[in-house]
Amino acid sequence: MTHEEKDRIVQSVPQKGFFGHPKGLFTLFFTEFWERFSYYGMRAILLYYMYSEVKNGGLGMEESTALSIMAIYGSLVYMSGIIGGWIADRLLGSLQTVFTGGVLIMMGHIFLAFPFGKMGLFASMFLIIMGTGLLKPNVSNVVGDIYSETDNRRDSGFSIFYMGINLGAFISPLIVGTLGQKYNYHLGFSIAAIGMLLGLIVFAVTKRKNLGLAGTYVPNPLMPGEKKKVFSIIGISALVIIALVVVASVSGWLTIDGFITWVSILGIVIPIMYFIVMYRSPKTTSDERSRLLAYIPLFIGAMMFWAIQEQGSIILAQYADKRTQLDWAGIHIQSSWFQSLNPLFIVALAPVFAWLWVKLGNRQPSTPKKFAIGLLFTGLSFIVMIVPAYVNGTESLANPWWLVLSFFLVVIGELLLSPVGLSATTKLAPAAFSAQTMSLWFLSNASAQAINANIVKLYTPETEILYFGVIGAFSILLGLILFLLSPKLQKAMKGVR
Ligand code: C3H
């Protein structure tokens, strides 16, 4: 896009109207708020729905299978961002892609709102994977589009947007979780569907007035000649995949474990291909190549972080349900409520970190150092979970405060790593590939969750100490290595801090 085109888009967006930010931020904030409300609300009860006995309204699945499905589902939700990025870039533009994604997501929740059993579960997962892939990277990209390149409100705009994500993630386990666990899982899932519907309404009603031309253009449209070729390739590939799935299911070859292995391989191969293509492209300059090499250890650090953070809604969710004292101080705590702790701490601490970085100015740690310290806190969040089993064994229930402490520590890691990583990705990416950077960052999460799908099966109360200990120690070790490498990485980043 030329500078003139970019200026025309920014000028079409009312530049004030939402906490001193462009009015368009209101639309994007509430669309993402409701999308995350529906996604995290659904996830807060999905694990319990899968492994609860049929007589208790669940699907009666094996616990270890349910844990792996949660991880592989999370991985695919982030991996599908590649498709969403491509569709927006070449076919529909961001806004139309966001709306289509929202409709698919709502339909996905509707499938769970009815007692359709396992077929309903898998249909819902397919729709939500596709829908989120269309919506999430594009709604985040449009946030960047409503500010001019020199506007210094941009970073704080992204922080406000991150708060929107976490406000949605905070209230949904309390509403969807309580209704789902206390009354009926399907009731919980219907509230998630209503949440996405509200998001779609806010988006449709306010987008024209608030977003102007932002997200309406197709940056690299398919030429008429290309269209036929590309659609035939997509059509044939889809048919081949469907045929393979049907044959594999009928012959009993497609097991959940086999599927997990395939997704895990994709989770590793796709980012490697991304890096190779960018590195070898003639459009990438030698400074950009050096930055790409520096980005690799950061990407691996981010994978380690997400691997632990995402286990908050898998292993720690199961821990809350099975290993934690839930009747405490005269009240009964729903296990799903623990899912609200991470976003609550994010909303409370994000302004503290924003203030800290401004106060430290040039004295603030470099990006690799922030990552290293982040990994240390992330590792500690698992190390503290050793204590209850070490002190009291795994027969007695643990005090809920251990989970609170663990979620608190991982959030310190998150604030040092997640927003910093997003900003570093946009700065370190070669200019020719700037459109794909959001997908690349989300791939660090997808790869982590693909690996998680294999790891979470190893958790049992008997292996608990070893499980938390080894994963926590690995994160701390990686943090130390990154810390030692940071001067070298800083140099290779060629001026980017
Ligand atoms: O969803 C995103 O885009 C980024 N993730 C976050 O901002 C997280 N802090 C959300 S909290 C969490 C992932 C879900 C809460 O229901 C925490 C999991 C334990």
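The values are calculated or read from the model by the stated rules, or taken from the named source; none is laboratory data. Remember, predicted model here, so these are calculated numbers, not experimental data. As a convention, Cβ positions derive from the backbone with ideal geometry for all residues, glycine included, and neighbour counts pool all protein chains shown. Side chains included, ligands, DNA and RNA excluded: accessible areas come from the protein's heavy atoms. Shrake-Rupley method; radii C 1.70, N 1.55, O 1.52, S 1.80 Å.
For residues in the stretch 381-400 being within 16 Å of the ligand (Cβ to nearest atom) and in a helix (DSSP H, G or I), which is modelled with the lowest pLDDT?
Keep residues of the stretch 381-400 that are within 16 Å of the ligand (Cβ to nearest atom), which gives 381-382, 384-385, 400.
Cutting the leftovers down to in a helix (DSSP H, G or I) gives us 381-382, 400.
Details: Ser381: 98, Phe382: 98, Pro400: 95.
Restricting to residues being within 16 Å of the ligand (Cβ to nearest atom) and in a helix (DSSP H, G or I), the top hit is Pro400.
Val347 meets all of the listed conditions (1) part of a helix (DSSP H, G or I); (2) closer than 19 Å to Ile314 by Cβ but one, namely (2).
On the basis of being outside the structural domain of Leu76 (by TED's automatic domain parsing) and either among the aliphatic types (A, V, I, L, M) or closer than 20 Å to Leu422 by Cα (or both), does Ile276 make the cut? Spelling it out, Ile276 is indeed outside the structural domain of Leu76 (by TED's automatic domain parsing) and either among the aliphatic types (A, V, I, L, M) or closer than 20 Å to Leu422 by Cα (or both). Among the conditions (1) polar (S, T, N, Q); (2) more than 22 Å from the chain's Cα centre (by Cα); (3) open to solvent by 50 Å² or more (accessible area, probe 1.4 Å), the only one that Ser52 does not satisfy is (3).
Given the condition in a helix (DSSP H, G or I), open to solvent by 30 Å² or more (accessible area, probe 1.4 Å) and over 26 Å from Ile471 (Cβ atoms), answer yes or no: does some residue in the stretch 363-371 qualify? There is at least one residue in the stretch 363-371 that is in a helix (DSSP H, G or I), open to solvent by 30 Å² or more (accessible area, probe 1.4 Å) and over 26 Å from Ile471 (Cβ atoms). When the residues of the stretch 311-326 are filtered to those that are within 13 Å of the chain's Cα centre (by Cα) and open to solvent by less than 10 Å² (accessible area, probe 1.4 Å), the one that is farthest from the ligand (Cβ to nearest atom) is Gln311. In the set (1) open to solvent by less than 20 Å² (accessible area, probe 1.4 Å); (2) closer than 28 Å to Leu326 by Cβ; (3) of a type outside the set (Asp, Glu), the condition left unmet by Met438 is number (2). The residues on offer are Leu443, Leu416, Leu380, and the sole one that is under 30 Å from Pro219 (Cβ atoms) and assigned by TED's automatic domain parsing to the domain that holds Ser159 is Leu443. If the condition is being out of contact with any Gly (no Cβ under 9 Å at 6 or more places or on another chain) and open to solvent by less than 10 Å² (accessible area, probe 1.4 Å), then the stretch 404-423 contributes only Val411. Within the stretch 373-403, if we keep just the residues that are of a type in the set (Val, Ile, Thr) and farther than 23 Å from Gln334 by Cβ, the residue that is least open to solvent (accessible area, probe 1.4 Å) turns out to be Thr378. Taking first residues from the stretch 401-417 that are more than 12 Å from the ligand (Cβ to nearest atom) and partners that are outside any helix (DSSP H, G or I) and at pLDDT 95 or above, the Cβ contacts under 6 Å between residues at least 6 apart in sequence or on separate chains come to Leu405/Val384.
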